[in-house]
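To start, the structure itself, in structure tokens.
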Amino acid sequence: MPAEAVSPDTAPPDTVLPDTAPPAADAPSAPPTSASVGEPSIAERQRTARVLANASLEELTELWENWPDPPEVQYLRGPEAGLVMVQGRTGGTGDRFNLGEATVTRATVLIRDAELGTDHTGTAYVLGSHPDHAGVAAIFDALLLSAQRPRVLSDVIEPLEQAQAQQEARRRAQARSTLVDFFTVARENAGPDDEEDAE
């Protein structure tokens, strides 16, 4: 009697179909690719992109010139400058409105790791017309997607982030020292007539 064909819809729950059989225990696993390796989250990409954009060209150039075993770099787009519309919110939380245009430079690069035979693409946006800055930032962005990510984080992102945090703290402290208590100024500058009116 010929065997009856079993389809996935009619097969019992414990039936293992030929095309869905699990691989043998000793079967070799596929080599990891850039897609299978865990990629950074959106929040992490935003963090590193912000650090690279806020760094100075001199800082990034020095780090790149001293980078061990630099990969081959190919520019896919730019660096090129353009305009973006900056938006704001009424009161910081209200409706959006167009504040004005700002110049932004962007670059996209492709790096090739000859040892591993992998390619990685990096993109950077920098406020203003700074093509060299955008180009070097894009290279480090691509390195963050490669096997060199731990080194980039420890040698580039974290030191720059700490320096930028210290600079921002000094800027805030300087601005705080110029804070004026307008109520106190008005009270101290009140004349005799104002005092009588107050009584």
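What distance in nm separates the two pseudo spin-label positions at Arg151 and Arg50, each 7 Å out from Cα along the beta-carbon direction?
So the two model labels end up 2.8 nm from each other.
How would you rank 140-146, 122-128, highest first, on the average number of other Cβ atoms within 10 Å across their residues?
Working: 140-146: 23.1, 122-128: 19.7.
The peptides rank, most packed first, as 140-146, 122-128.
Spin-label point model (7 Å from Cα, Cβ direction): what's the Glu62 to Ala81 distance in nm?
The two pseudo-label positions are separated by 2.6 nm.
Sorted by average packing, counted as other Cβ atoms within 10 angstrom per residue and highest first, what order do 79-86, 173-180 take?
Most protected by this proxy first, the peptides run 79-86, 173-180.
Arrange the peptides 101-107, 60-66 so that the one whose residues have, on average, the most other Cβ atoms within 10 Å appears first. Please report the intermediate quantities before stating the final value.
Values: 101-107: 17.7, 60-66: 14.3.
Packing proxy ranking, top to bottom: 101-107, 60-66.
Along the charge dipole of the range 56-170, pointing to its positive end and built from +1/-1 on Cβ of Lys, Arg, Asp and Glu, which listed residue (Val126, Leu145, Gln166) has its Cα farthest out?
Of the options given, the answer is Val126.
Values quoted throughout were computed directly from the atomic coordinates according to the rules given, and no laboratory measurement underlies them. Keep in mind that what you see is a predicted model, and the values were worked out from it rather than measured. All Cβ positions, even for glycine, are placed from backbone atoms using ideal geometry, and neighbour counts span all protein chains on display.
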